[in-house]
Amino acid sequence: QVQLVESGGGLVQAGGSLRLSCVASGRTFSNYAMGWFRQAPGKVREFVAGISWSSGRTLYADSVKGRFTISRTNAKNTMYLQMNSLKPEDTAVYYCAARRNNIVVVTTTAYEYWGQGTQVTVSS
């Protein structure tokens, strides 16, 4: 099985920054795509950003484009989400996800593996 563990969430003021990490274990991720999703209470889980593990191609949701940056360290099977200029509407549980395909997609059902989530709270 593939295990995904997120970390780095917390409470910050609007305009602040956080860096999330996701460590993957269980197998090589050379043929995988990975991404970040978030879900706020009463709202559907939504795509935030994704990256192809082999090519490094990235995709961002319009709501975070220019503020968030996704990256990875292949040798350590670790993915990051640098979040800058945070807004209260960014408040959510953030999930790390992976799929056995190198193409990044935005639908939650396309991802087979999920972490347990890390809470991000942005105060106004």
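The values are calculated or read from the model by the stated rules, or taken from the named source; none is laboratory data. Everything numeric in this text was worked out from a predicted model, so none of it was measured. Quick reminder, even Gly has a Cβ in these numbers, built from the backbone with ideal geometry, and neighbours come from all protein chains shown. Calculation scope for accessible area: heavy atoms of the full protein, side chains included, ligands and nucleic acids excluded. Shrake-Rupley method; radii C 1.70, N 1.55, O 1.52, S 1.80 Å.
List of remarks:
- Residue count for region 71-98, restricted to those that are basic (Lys, Arg) and at pLDDT below 95: 2
- Lys43 being within 23 Å of Gln116 (Cβ to Cβ) and part of a loop (DSSP other than H, G, I, E, B): yes
- The single condition among (1) farther than 12 Å from Val104 by Cβ; (2) free of Cβ contacts under 8 Å to residues at least 60 places away in the same chain that Gly10 does not satisfy is (2).
- Matching residues in region 21-32 - criterion: being without any contact (Cβ under 8 Å) to a residue 60 or more places away in the chain and open to solvent by less than 10 Å² (accessible area, probe 1.4 Å): none
- Test: Val64 is open to solvent by less than 70 Å² (accessible area, probe 1.4 Å), among the aliphatic types (A, V, I, L, M) and modelled with pLDDT of 95 or more: yes
- Within region 77-107, considering residues that are part of a loop (DSSP other than H, G, I, E, B) and of a type in the set (S, T, N, Q), the one surrounded by the fewest Cβ atoms within 10 Å (Cβ to Cβ): Thr107
- With respect to the stated conditions, Gly35 is open to solvent by less than 20 Å² (accessible area, probe 1.4 Å) and in contact with a Gly (Cβ under 9 Å, 6 or more places away or on another chain).
- Failed criterion for Leu18 (all others in (1) in contact (Cβ under 8 Å) with a residue 40 or more places away in the chain; (2) open to solvent by 30 Å² or more (accessible area, probe 1.4 Å) hold): (2)
- Residues of region 62-88 classified as among the charged types (D, E, K, R) and in contact (Cβ under 8 Å) with a residue 24 or more places away in the chain, total: 3
- Neighbours by Cβ (under 6 Å, 6+ apart or cross-chain): first from region 46-61, open to solvent by 50 Å² or more (accessible area, probe 1.4 Å); second of a type in the set (A, V, I, L, M): Thr58/Ile51; Thr58/Ile70; Leu59/Val104; Tyr60/Ala49
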